[in-house]
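The next block holds one structure in the form of structure tokens; read it before the comments.
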Amino acid sequence: MMDAITIRARFRDRGFIIDDAFATALQIALALEKPLLIEGPAGVGKTETAKVLADTLETRLIRLQCYEGLDAMTALYEWNYPHQMLRARLSEIEDASIEEREAQIFSERFLLKRPLLEAITEERSPVLLIDEVDRADEAFEAFLLEVLAEWQVTIPELGTIYAKHKPRVIITSNRTRELSDALRRRCLFLWLPYPTLDQEIAILKARIPDLSERLAKQIADLMQTLRGLPLQKAPGVAESLDWARALMNLHRDHLDRQAFEQTLGCVLKVHEDHAVVGAHASELATGLGESSESLQSGGYSLDTDFGFGSVSKKSR
Amino acid sequence: MYPFGALPENLVSFCALLRRDYGFRIGAGEMLDAARALDIVDLSDQHAVRSALRTVLAGTRDDAAMFDGAFNRFFLSRPPTLDHDRRAALPHERDSGPSGEGEEGPRRGRTTEATVAEIEEIRGEGLGPMTPFDANEEEGQAATVAGASYSPLGVENSEAPEVSEVNDEWVAAARVLVRRVQLGPSRKWRAAPRGRRFDLRRTLRASLQTGGEPLTPRWMTRPKRQPRFVVLVDGSRSMSQYAPTALKLASALARATSRVEVFTFSTGLRRVTTDVQRASTGKTHRFHDLASAWGGGTTIGACLTEFLRRFGARLLARSAVVIVASDGLDVGGSDTLRAAMQTLRRRSGAVVWLNPLLDTPGYEPTARGMSTAKPFVTTFSSVNDLAGFVRLSRTLRVR
């Protein structure tokens, strides 16, 4: 049994900085053997949590990526039809009885295990990551509830398979849809916000050890400002890391206006957001270490694109 | 204020407080989990206890945000009715013995509780949040009940809008409205008894029942695409008479299709889909969560911009019908409103504006907000009663 301090230390060893509340939530989820539902904005490390947790516990990570139209069979198991057909044809010449042939065809050899069944049959309890559960539909959620409650799967041809060890479950959601109360009630809940300034500096330094102190501080500082702007897609931690790596590759040891514009594509992923950043240039100026007057010569001076996102003024 | 002596009682009454005053959904299962969680963490570490209970008891982001306030109020605050003469009695009390942790001491009244809170304050830090000590049970209960009077949700209940029962006629009209949005087939293939495409996999699977001979062919078809309805209801005071009708329309839609999202806006935007869905199934008709969004002026442009930024990407598409219910009396800038309406129009299949004043004889949509928004509206109508809804469901146009 790991306590919060150990979890925190082990996550830190793997370059993943978490705070006390997060560590306590993980500790309780592990101790109570309940699924942990993690919600938060995109790019704060929800999926990464499961990966690092599996690494920390020295166990396998089994991932179920949810998407619209995901059905129970894709998540649980499927029979290998072509293989079964072939076997049925080939065994016609044998003298085996129908029952024997049936038992052959419907044996575990012809069973394709999908993530949920795989997690149940694993020898050591694995970390099961159910990613972006909000993308799947309500029907799948109901099915998931059943599996999470019972940890057993019934295959009509084979019988019921019971879990040898309860998997440790991490469920993530991006809140594109409100999850049902029933699912929420069965899970422990953690809201994972964007990191604070100090946390982000620590993350940058842990993940990119060569990064200079000054650059890390500048990036984290600018990120805090950017997340405060009314952007359509606010940058997450992944963007900070990309940005830091990009600047390292350009051999920059600090951020200035030119470097900022060159590498803005690492941070802003929507065209309209560039206009927003242009409009708030003065707020970003302090982060770039310059006075606000010098800004007027460059940068995005887009006034309007008439709402179509296709017309842009010349930037210089 | 620790109302009760032992840890289990404290936990139970804390859960009761969360349930009653903050609208948490806590059942026996959650309470048991909370007790088990407290067994694991270090009880003398306030932050650990706080995070542990938050993880177990909070179910949504809103819950998690409210939790800290509730935790402080229950475990760390002094009783609300601390007055001057009790403060005056304090030094004497403090000298008289240990700070109230004595389990065997005589039962003390509210004064003692106040004293303990004061002493904690003087020390600069609380005792362990769960440290059990002796306190009068009834007093504790009285204090908790007194706390209910300043609950964030309880106060404005009288102003919370109530939606009258959604009857079958409304639902029927909503179904017509949903059907009116013709979207054509989706890209996905789905098994169907009579379809356009041969389903080799299912045919082979079925053939196993007939000894490997594919006797029964299986087919696939493309399911119809379902439209999404986004209802934005103006919650300003000038709309207070009409907003319940708009919410009733939303409830009827929620019964006709599952792809409905409902928001209210006045000075800020608020998602009320869950409440509307609950109302449509007949569980509750009063919108408690809405109370604080109700009343006051409206900044329509700013609210629509906020909607576009937070939800636009995932809710709007050509298959979405946006229904705005507002009288168009806007206190914000018209540039913001124009830009927001433009984007709304561009990114959705239809923009329906329901203006309750349209039924008023002699009304012309000349108010600044309304005249700004009108060019981007595809269907301009009013729904003040069932007849209006039926009319809308027959005249809606989607590009």
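Could you check how many residues of the range A:9-36 are part of a helix (DSSP H, G or I), buried (at least 21 other Cβ atoms within 10 Å of the Cβ) and out of contact with any strand residue (DSSP E or B) (no Cβ under 9 Å at 6 or more places or on another chain)?
Keep residues of the range A:9-36 that are part of a helix (DSSP H, G or I), which gives A:9-13, A:20-32.
Narrowing the set further to residues that are buried (at least 21 other Cβ atoms within 10 Å of the Cβ) leaves A:11, A:22-29.
Add one more test, that the residue is out of contact with any strand residue (DSSP E or B) (no Cβ under 9 Å at 6 or more places or on another chain), and what stays is A:11, A:23-24, A:27.
Residues meeting the conditions: 4.
Which one is nearest to the chain's Cα centre (by Cα) among residues in the range B:166-221 that are exposed (fewer than 12 other Cβ atoms within 10 Å of the Cβ) and part of a helix (DSSP H, G or I)?
Residue satisfying both the conditions and the ranking: B:D168.
Can you find a residue in the range A:132-141 that is under 30 Å from A:L222 (Cα atoms), in a helix (DSSP H, G or I) and more than 22 Å from the chain's Cα centre (by Cα)? Step through it out loud before you land on a result.
Applying the first criterion (under 30 Å from A:L222 (Cα atoms)) to the range A:132-141 yields A:132.
Filter once more, so that each one left must be in a helix (DSSP H, G or I): none.
Checked against the condition, which is being under 30 Å from A:L222 (Cα atoms), in a helix (DSSP H, G or I) and more than 22 Å from the chain's Cα centre (by Cα), the range A:132-141 yields no hits at all.
Given the conditions (1) under 20 Å from B:V383 (Cβ atoms); (2) within 15 Å of the chain's Cα centre (by Cα); (3) at pLDDT 80 or above; (4) in a helix (DSSP H, G or I), which single one is not true for B:A279?
Condition (3) is where B:A279 drops out.
Taking the residues in the range A:173-191 that are of a type outside the set (D, E) and within 14 Å of A:A142 (Cα to Cα) as candidates, determine which candidate is surrounded by the most Cβ atoms within 10 Å (Cβ to Cβ). Before the answer, list the steps.
Looking only at the range A:173-191, we keep the residues that are of a type outside the set (D, E), and these are A:173-177, A:179-180, A:182-191.
Imposing the further condition that a residue be within 14 Å of A:A142 (Cα to Cα) reduces the set to A:179-180, A:182-187.
Details: A:L179: 19, A:S180: 13, A:A182: 11, A:L183: 20, A:R184: 20, A:R185: 15, A:R186: 18, A:C187: 23.
So, considering only residues that are of a type outside the set (D, E) and within 14 Å of A:A142 (Cα to Cα), the one surrounded by the most Cβ atoms within 10 Å (Cβ to Cβ) is A:C187.
Looking at the range B:57-69, which of the residues that are assigned to a helix (DSSP H, G or I) and within 22 Å of A:E178 (Cβ to Cβ) is farthest from the other protein chains (Cβ to nearest Cβ)?
Here is the first cut: in the range B:57-69, the residues assigned to a helix (DSSP H, G or I) are B:57, B:61-69.
Then drop every residue that is not within 22 Å of A:E178 (Cβ to Cβ), which leaves B:57, B:61-67.
Working: B:L57: 9, B:R61: 5, B:D62: 9, B:D63: 7, B:A64: 4, B:A65: 8, B:M66: 12, B:F67: 10 Å.
Among those that are assigned to a helix (DSSP H, G or I) and within 22 Å of A:E178 (Cβ to Cβ), it is B:M66.
Mind listing whichever residues of the range B:46-62 are free of Cβ contacts under 8 Å to residues at least 60 places away in the same chain and not β-branched (V, I, T)?
We begin by selecting, within the range B:46-62, every residue free of Cβ contacts under 8 Å to residues at least 60 places away in the same chain; these are B:47-48, B:51-62.
Within the range B:46-62, B:H47, B:A48, B:S51, B:A52, B:L53, B:R54, B:L57, B:A58, B:G59, B:R61, B:D62 meet the criteria.
Just name the residue that is nearest to the other protein chains (Cβ to nearest Cβ) out of those in the range B:9-50 that are basic (K, R) and over 29 Å from A:T6 (Cα atoms). It would help to see each step written out before you state the result.
Narrowing the range B:9-50 to residues basic (K, R): B:19-20, B:25, B:36, B:50.
When the remaining residues are screened for being over 29 Å from A:T6 (Cα atoms), the result is B:19-20, B:25.
Values: B:R19: 13, B:R20: 18, B:R25: 6 Å.
Checked the range B:9-50; the qualifying residue nearest to the other protein chains (Cβ to nearest Cβ) is B:R25.
So, in the range B:1-56, of the ones that are in contact with a Phe, Trp or Tyr (Cβ under 9 Å, 6 or more places away or on another chain) and of a type in the set (S, T, Y), which residue ends up modelled with the lowest pLDDT?
B:Y2
Taking the criterion of being more than 15 Å from A:V169 (Cα to Cα) and either in contact (Cβ under 8 Å) with a residue 12 or more places away in the chain or within 20 Å of the chain's Cα centre (by Cα) (or both), would at least one residue in the range A:27-35 satisfy it? Spell out how you get there, then give the answer.
Residues of the range A:27-35 more than 15 Å from A:V169 (Cα to Cα): none.
No.
Okay, residues lined up against (1) closer than 19 Å to B:G312 by Cβ; (2) at pLDDT below 85; (3) in contact with a Phe, Trp or Tyr (Cβ under 9 Å, 6 or more places away or on another chain); (4) of a type in the set (A, V, I, L, M, F, W, C):
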| position | (1), (2), (3), (4) |
| --- | --- |
| B:E213 | no, yes, no, no |
| B:D234 | yes, no, yes, no |
| B:S251 | no, no, yes, no |
| B:E261 | yes, no, yes, no |
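From the list A:R87, A:R109, which residue is over 17 Å from A:V169 (Cβ atoms), in contact with a helix residue (DSSP H, G or I) (Cβ under 7 Å, 6 or more places away or on another chain), not hydroxyl-bearing (S, T, Y) and not in a strand (DSSP E or B)? Can you show your working first?
Numbers: A:R109 fails: in contact with a helix residue (DSSP H, G or I) (Cβ under 7 Å, 6 or more places away or on another chain).
On inspection, the qualifying residue turns out to be A:R87.
Considering the range A:145-199 alone, what residues qualify as being of a type in the set (F, W, Y) and either at the interface with chain B (Cβ under 9 Å from one of its Cβ atoms) or in a strand (DSSP E or B) (or both)? Don't jump to the end; show me each part of the working.
Let us first name the residues in the range A:145-199 that are of a type in the set (F, W, Y), namely A:151, A:162, A:189, A:191, A:194.
Passing the criteria: A:Y162, A:F189, A:W191.
The values are calculated or read from the model by the stated rules, or taken from the named source; none is laboratory data. Since we're looking at a predicted model, the values are computed, not measured. Glycine also receives a Cβ, built like all others from the backbone with ideal geometry; neighbour counts cover every protein chain displayed.
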